[in-house]
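Report on one structure; see the data block that follows.
The values are calculated or read from the model by the stated rules, or taken from the named source; none is laboratory data. Owing to the predicted nature of the structure, the values given are computational and were not obtained by experimental measurement. Counting neighbours? That spans all protein chains shown, and the Cβs are built from the backbone with ideal geometry, glycine included. Just so you know, the surface numbers come from the protein's heavy atoms only, side chains and all, with ligands and any DNA or RNA stripped out. Shrake-Rupley method; radii C 1.70, N 1.55, O 1.52, S 1.80 Å.
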Amino acid sequence: MLRSYKFQLRPTVGQAQSLGEMLRDHCSLYNGALEDRKGAYKHRGVTVSYRQQSAQLKEIRAFDPERQGRWSFSSQQATLRRLDAAMAAFFRRVRNGEKPGYPRFKPVARFDTVTFPENGDGCRWDSQPGHADTRVRFQGVGHVRVNQHRPVEGVVKTISITREGGRRYVVLSCDRVPVKPLPPTGSTVGIDVGIANFLADSNGGFVENPRHAKVGADRLAAAQRRLASFPRKKAADRSRRHRAAVEKVRALHGKVRRQRLDFHHKTALDLVRAHGVIAHEDLSIANMVRAPKPKPDPENPGGFLPNGAAAKAGLNNSIYDAGWGGFISIVTAKARCPFKACAGRTMIPVDPRNTSRTCPACGHVSAENRPDQPTFACVACGYADHADSVGAINVHQRAGQAHRHATPA
Ligand SMILES: [Zn+2]
């Protein structure tokens with residue numbers, strides 16, 4: 001099995017500079033090769049191939065030993081291949097009758113990845129037992145420390161360096177990763193997004209919203225208020241303090257996103273470890289995220305009656321904040337993935353309509369079953385529970401019904 005790993009790099013100041021230069025020089029190689037292809041086509045009507053460009057590399061390196069001769073030959077070939085793939089995609093779309101844009105020159109600030117097609121050729125993964133002092137060696141940069149937070153399994157095939165915001169990462173793509181399925185479990189569960197909690201399950205369990213989500217949201221809001229207090233200006237006219245405020249918002253956004261992703265992965269892992277079948281609301285038919293139709297007011301032509309749009313918009317926001325859709329896709333990926341931590345678990349999407357208003361005991365559907373947000377109390381039979389749990393129980397029950405209909409005894 002193939003698998004990739006991504007670890008943050010901890011370069012020294014000098015190494016960080018060299019890594020920046022590596023990206024810069026690969027960017028100029030990419031742009032030069034694009035220029036070459038453009039010119040040949042425009043002036044001579046011919047198409048330049050990857051093979052032809054790769055054959056010129058030796059000359060280019062000899063001509064500019066400071067900036068091109070310094071880096072790995074193979075990584076430069078990989079960059080030329082990237083251009084080749086962009087050109088191939090362009091011509092494919094032209095043939096299909098689409099109107100694609102011609103591949104563009106890449107600004108150096110947005111050229112963020114260099115790939116080494118083979119471990120040991122221009123770069124070397126150097127993992128230590130217990131990975132306390134793991135490093136990766138890049139030609140022209142040196143032996144860079146790696147924050148290796150998990151063991152790497154299988155055989156390291158390709159290595160990439162990539163830049164995201166101010167951080168740099170190494171991405172390993174490994175082959176022959178051993179498959180270790182999780183033991184089967186007979187447990188089935190329904191899950192639902194909660195109001196007070198991140199998640200509720202049909203067994204009455206909750207996963208609380210992580211504390212850092214609130215802290216992060218508050219800090220981000222404060223940074224955004226501060227940014228908004230500056231007059232609107234073009235980037236070039238911004239003061240030093242204004243730029244710092246922009247940078248602060250950007251950094252906090254990144255942090256909130258990373259923490260949320262980490263939380264989603266851990267929560268998803270707990271679910272697929274514990275349960276063989278996981279039922280959830282089918283988000284593709286969840287019209288909760290769609291705004292309700294406007295309701296014209298018959299007494300006041302041109303006016304509209306309240307249609308619950310504001311309340312719904314509030315719910316939509318909190319769902320997006322929690323990233324529920326992203327979470328479900330992470331659980332689904334883990335449930336299908338055949339690796340160690342995951343197994344052939346089954347996900348059952350169910351119709352999400354009225355899951356929060358239906359009584360799990362008697363089936364009575366009414367908005368009155370919800371006297372207030374956190375409470376469910378059936379007006380027909382008196383069944384009462386936490387509203388978050390009721391949603392999850394209904395999801396679980398619907399999955400059972402769907403299952404029975406799909407597989408007649
Ligand atoms: Zn009831």
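Descriptive notes on the structure:
- Gain in span if fully extended, V155 to A333, counting 0.36 nm per residue against the direct Cα distance: 61.8 nm
- Estimated 222 nm signal from helices in the chain, with DSSP H stretches of n ≥ 4 weighted -39500 (n - 2.57), rounded to 500: -13500 deg cm²/dmol
- Only Lys, Arg (+1) and Asp, Glu (-1) charged, at Cβ; segment 55-175 dipole about Cα centre in debye: 480
- Estimated inter-spin distance, R167 and D385, nm [label 7 Å along Cα→Cβ]: 3.8
- Förster radius 51 Å - calculated FRET efficiency between R93 and R10 (Cβ-Cβ, nearest 0.05): 0.80
- Listed residues M1, M347 arranged by accessible area, highest first, probe 1.4 Å: M1, M347
- P(r) tail fraction, segment 171-261 - alpha-carbon pairs more than 18 Å apart, %: 68
- Full extension of the segment from A85 to K58, taken as 0.36 nm per residue of separation minus the current Cα-Cα distance, would add 7.6 nm.
- Largest to smallest principal axis extent of the C-alpha atoms in segment 3-175, angstrom: 57, 37, 27
- Sparse packing (at most 14 other Cβ atoms within 10 Å of the Cβ) combined with a DSSP loop state is found for the following trypsin sites (Lys or Arg not before Pro) in segment 157-216: R176.
- Accessible area expressed per residue, the chain, with surrounding protein chains retained (probe 1.4 Å, Å²): 58
- Rounded percent of accessible protein surface that carbon and sulfur make up, the chain, 1.4 Å probe: 53
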